[in-house]
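Reading through the structure tokens given below for one structure.
The values are calculated or read from the model by the stated rules, or taken from the named source; none is laboratory data. Keep in mind that what you see is a predicted model, and the values were worked out from it rather than measured. For neighbour counting, all protein chains shown are included, and Cβ atoms are generated from backbone atoms with ideal geometry for every residue, glycine included. The protein model used for the area step is the full one, side chains on, heavy atoms only, and it has no ligands, DNA or RNA in it. Shrake-Rupley method; radii C 1.70, N 1.55, O 1.52, S 1.80 Å.
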Amino acid sequence: QVQLVESGGGLVQAGGSLRLSCAASGTIFSMNDMDWYRQAPGKQREFVAHITSGGSTNYADSVKGRFTISRDNAKNTVFLQMNSLKSEDTAVYYCYLEGASRGYWGQGTQVTVSS
């Protein structure tokens with residue numbers, strides 16, 4: 001059974017940085033594309049970043065140049081380095097694994113940016 005566990009969220013001041021991690025189990029991680037999404041209070045969940053199994057990346061315009069997605073296949077982990085954080089980045093952040101027949105979500109980690 002696929003499991004995803006996020007960590008690294010917290011409270012940070014505007015302009016600061018955080019690094020989120022998402023550890024996967026129950027799958028051949030290196031073969032899966034991975035994503036980060038976020039959901040702010042009262043808003044729909046939105047795409048943040050994507051990384052293919054081969055390491056190609058793309059980002060939402062709102063985070064381009066500030067956030068970096070990466071992966072360590074040896075550790076079955078995907079990361080989201082978030083720099084120059086803004087109050088509007090406050091949300092619950094979820095990782096998502098694109099499986100062959102379905103996708104899987106983690107439980108989420110809260111990121112709060114104080115202005």
**Request:** Just give me the residues in the stretch 59-75 being part of a loop (DSSP other than H, G, I, E, B) and surrounded by 14 or more Cβ atoms within 10 Å (Cβ to Cβ), in sequence order.
**Result:** Ala60, Ser62, Val63, Arg66
**Message:** Given the condition farther than 26 Å from Gly65 by Cβ, assigned to a strand (DSSP E or B) and in contact (Cβ under 8 Å) with a residue 12 or more places away in the chain, answer yes or no: does some residue in the stretch 45-52 qualify?
**Reply:** no
**Gly42 among the small types (Gly, Ala, Ser), on the phi > 0 side of the Ramachandran plot and within 15 Å of the chain's Cα centre (by Cα)** = no
**Message:** Filter the stretch 23-44 down to the residues that are crowded, with 16+ Cβ neighbours inside 10 Å and at pLDDT 95 or above and list them by number.
**Reply:** Ala23, Ala24, Asp33, Met34, Asp35, Trp36, Tyr37, Arg38
**Request:** Please tell me if Val78 is part of a loop (DSSP other than H, G, I, E, B), under 14 Å from the mean Cα position of the chain (by Cα) and surrounded by 14 or more Cβ atoms within 10 Å (Cβ to Cβ).
**Result:** no
**Asked** Quick one: which of Leu4, Leu11, Leu20 is within 16 Å of Thr112 (Cβ to Cβ) and open to solvent by less than 50 Å² (accessible area, probe 1.4 Å)?
**Response** Leu20
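Would you confirm, using the coordinates I've provided, whether Ser56 is touching a residue at least 60 places away in the same chain (Cβ under 8 Å) and open to solvent by 60 Å² or more (accessible area, probe 1.4 Å)?
The answer is no for Ser56.
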